[in-house]
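The structure appears below as structure tokens.
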Amino acid sequence: MNNNIKASMLAMLIAALTAGCNEDFSSNVDGSQIEPVTLEVESINIVVSEDDDIKRVSLLADIVNTGGRVFARNFEYKYLTDDDGIKLPTEPALPNGGVTKELEEIIITPSLWTDQLVYGETVSYRFRYDLDNGSDTTVERWVNLTVNGAETKVTDIDVLADNSFELPVGISTKMRALVSPVDATFPEITWTSSDNNIASFSGDILTTKATGDVAITATSADGLVVKTNDLSVVSDSNKPTGVAIVDDADSEIEVIRVEEGETLSLKALLNFKSQDNSSNTNLIWSSDDETKLTVDAQGKATGVIGARGATAVKVVTEEQGLGDIVRVQVVPNSNALFSKNGNFEFSADSIAPWVGYWQNASGGATVTVKEEAASAGMYGIHIQSPGTKNTGITLSPDEAPQLLGLLEDKSNFGKTYRVKFDAKTKVGTRIGFVEQIMQGQNPTRSFTKFTINNTWSTVTLDIPVKDIQDPNKSYLNSRFDIYFNAHGGGIDIFLDNISIRELN
């Protein structure tokens, strides 16, 4: 093909495309002449489980007549509100990214409800949008979404016993196993013995009846996970026969709550039939999830800062591997001063965000972090002043929890807060005050008095919320003070572990 023919065909193609484009864009469509869409189904109803895969749903499904191209516009989540248009607290939370719109589809990501729902729970949502096909009349349509909590299945069983272990005849002991995950919906285990004449189960209690060898089996509630251990029943043994995690009254415990940053000391009791000097009494403590909870060799369990959710503490005998479990729920720290270095452990060279009380003697009063000032943990603070009216520490309005004064929205109305700390003085007896002061030209004060002496004592003050605001001013933040009166004799005080917790 010669170049002239090519050029001629190209010119014709461009002209045709241009003409078509000009016709499309210049034509005026009369929306009144277009029939609005009609629907086979008025609403789209969607049901998913939180363990389902991502689901895409067309917003244009079941349209009878399109009249041309249809667009889904003005898609929005609709919820019940109060008279001020504020979402009611009874309305379920919609996880960020749980439902998104892409062109004429919505994308549902059920896994984002995992931390919101448990098995058997259901939440429902309503969304509305407009169907627009160019008609003067758009059609409103609704999406009803239901999300069901899914069963968390057992994936593994850790029987707390060595693969092969022994027990003396004539004893009963509790067998324990840790299921994974620890928040399984049905964590129950069925225990069985291969020969009930040698050893048999009643629930999780294993009773040895005659010498011999048996297999003991732990089976998950759905029967899908099975673990077996070999047991030799002997005439006598100096080996441990079990262990139990107990409280201070030596009663067995099953479940505990630990706050982030909180440490609890757990205790375990060992069982023997015939203990002697050669018996191994060593125990091994561990956490099922160290990102939530840590446990040291002595059984001190500490909630990891920022962690939430379920885990477990396990203790097993060094010999035989027999053990016990306590389930743990790690929850947010209830101390309003937890993030404010109220135990002075965050920094050994600073009391930040605390500052010196405003009456601290210039050049004389000192507030320092010291090991000797700790009532518990590594550090406390040492407050010294040679002679001043009052000396102490303060949280600025930007740092202080606004709890003891009535808030503008009155959300803390009628509540009582417990202020608690450890203190002792090295000089006589001292009177102190906990004070919340509204800032302003004429500060409004609300204070509570206490007394300390030269031995460590825990000061506990239950303080009802008070309206300390100036009615002629807007509601202002208040600073929080703990200070001591010198009585002319100077101040030399240790202070540690300050907390504020809601009582009701």
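Figures for the structure shown
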read-out: Residues of region 367-380 satisfying the condition of being outside any loop (DSSP other than H, G, I, E, B) and either at pLDDT 95 or above or not hydrophobic (A, V, I, L, M, F, W, C) (or both); value: Thr368, Lys370, Gly380
read-out: Some residue of region 58-71 being surrounded by 10 or more Cβ atoms within 10 Å (Cβ to Cβ), more than 17 Å from Asp130 (Cα to Cα) and modelled with pLDDT of 85 or more; value: no
read-out: Qualifying residue in region 221-237 (condition: of a type in the set (Lys, Arg) and crowded, with 20+ Cβ neighbours inside 10 Å); value: no
read-out: Residue within region 339-347 that is in contact with a His (Cβ under 8 Å, 6 or more places away or on another chain) and crowded, with 19+ Cβ neighbours inside 10 Å present; value: no
read-out: Scan of region 115-132 for residues that are free of Cβ contacts under 8 Å to residues at least 40 places away in the same chain and within 13 Å of Val99 (Cβ to Cβ), ordered by number; value: Val123, Ser124
read-out: Some residue of region 261-279 being of a type in the set (A, V, I, L, M) and over 30 Å from Phe338 (Cα atoms); value: yes
read-out: Matching residues, region 326-363, being of a type in the set (D, E, K, R) and closer than 29 Å to Asp247 by Cα; value: Arg327, Glu345
read-out: Residues being closer than 16 Å to Lys449 by Cβ, assigned to a loop (DSSP other than H, G, I, E, B) and not charged (D, E, K, R) - total across region 389-435; value: 2
read-out: Leading residue by the ranking (farthest from Ala352 (Cα to Cα)) among those in region 362-382 that are among the aliphatic types (A, V, I, L, M) and in contact (Cβ under 8 Å) with a residue 40 or more places away in the chain; value: Ala376
read-out: Condition broken by Glu91, with the remaining ones in (1) part of a loop (DSSP other than H, G, I, E, B); (2) more than 30 Å from the chain's Cα centre (by Cα) satisfied; value: (2)
read-out: Whichever residue in region 114-158 is at pLDDT 95 or above and of a type in the set (Phe, Trp, Tyr) and, among such residues, is farthest from Glu50 (Cα to Cα); value: Tyr129
read-out: Restricting region 135-177 to residues that are part of a strand (DSSP E or B) and polar (S, T, N, Q), the residue that is farthest from Ile107 (Cα to Cα); value: Ser172
read-out: Residue within region 274-287 that is touching an Asp or Glu at 6+ places or on another chain (Cβ under 7 Å), in contact (Cβ under 8 Å) with a residue 60 or more places away in the chain and not assigned by TED's automatic domain parsing to the domain that holds Gly377 present; value: yes
read-out: Test for Thr294: is it out of contact with any Pro (no Cβ under 6 Å at 6 or more places or on another chain), outside any loop (DSSP other than H, G, I, E, B) and without any contact (Cβ under 8 Å) to a residue 24 or more places away in the chain; value: yes
read-out: Region 206-216, residues that are surrounded by fewer than 18 Cβ atoms within 10 Å (Cβ to Cβ) and not acidic (Asp, Glu); value: Thr207, Lys209, Ala210, Thr211, Gly212, Ala215
read-out: Single residue of region 235-250 satisfying the filter (small (Gly, Ala, Ser) and under 16 Å from Leu270 (Cβ atoms)) that is nearest to the chain's Cα centre (by Cα); value: Ala244
read-out: Residues satisfying the stated conditions in region 304-330, i.e. more than 21 Å from Lys174 (Cβ to Cβ) and in a loop (DSSP other than H, G, I, E, B); value: Val304, Ile305, Gly306, Ala307, Arg308
read-out: Scope region 251-260; condition part of a strand (DSSP E or B) and farther than 30 Å from Asn341 by Cβ; matching residues; value: Glu252, Val255
read-out: Qualifying residue in region 464-476 (condition: in a strand (DSSP E or B), at pLDDT 90 or above and assigned by TED's automatic domain parsing to the domain that holds Ala373); value: yes
read-out: Positions within region 62-86 being outside any strand (DSSP E or B), under 21 Å from Ile106 (Cβ atoms) and touching a residue at least 40 places away in the same chain (Cβ under 8 Å), in sequence order; value: Thr66, Arg69, Val70, Tyr79
read-out: Test: residue in region 183-194 that is in contact (Cβ under 8 Å) with a residue 60 or more places away in the chain, closer than 30 Å to Glu50 by Cα and assigned to a loop (DSSP other than H, G, I, E, B); value: yes
read-out: Among residues of region 411-440, those that are over 26 Å from the mean Cα position of the chain (by Cα) and either at pLDDT below 85 or among the β-branched types (Val, Ile, Thr) (or both), counted; value: 11
read-out: Test for Ala352: is it assigned to a loop (DSSP other than H, G, I, E, B) and surrounded by fewer than 15 Cβ atoms within 10 Å (Cβ to Cβ); value: yes
read-out: Residue in region 441-452 that is modelled with the highest pLDDT, counting only those that are over 36 Å from the mean Cα position of the chain (by Cα) and of a type outside the set (A, V, I, L, M, F, W, C); value: Thr451
read-out: Of the criteria (1) touching a residue at least 60 places away in the same chain (Cβ under 8 Å); (2) exposed (fewer than 14 other Cβ atoms within 10 Å of the Cβ), which one Gln359 fails; value: (2)
read-out: Exclusive hit being at negative phi, at pLDDT 95 or above and not assigned by TED's automatic domain parsing to the domain that holds Ile157, set Glu345, Glu290; value: Glu290
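The values are calculated or read from the model by the stated rules, or taken from the named source; none is laboratory data. Keep in mind the model is a prediction, meaning the values are calculated, not measured. Methodologically, a virtual Cβ is constructed for each residue, glycine included, from the backbone with ideal geometry; neighbour enumeration extends over all protein chains shown.
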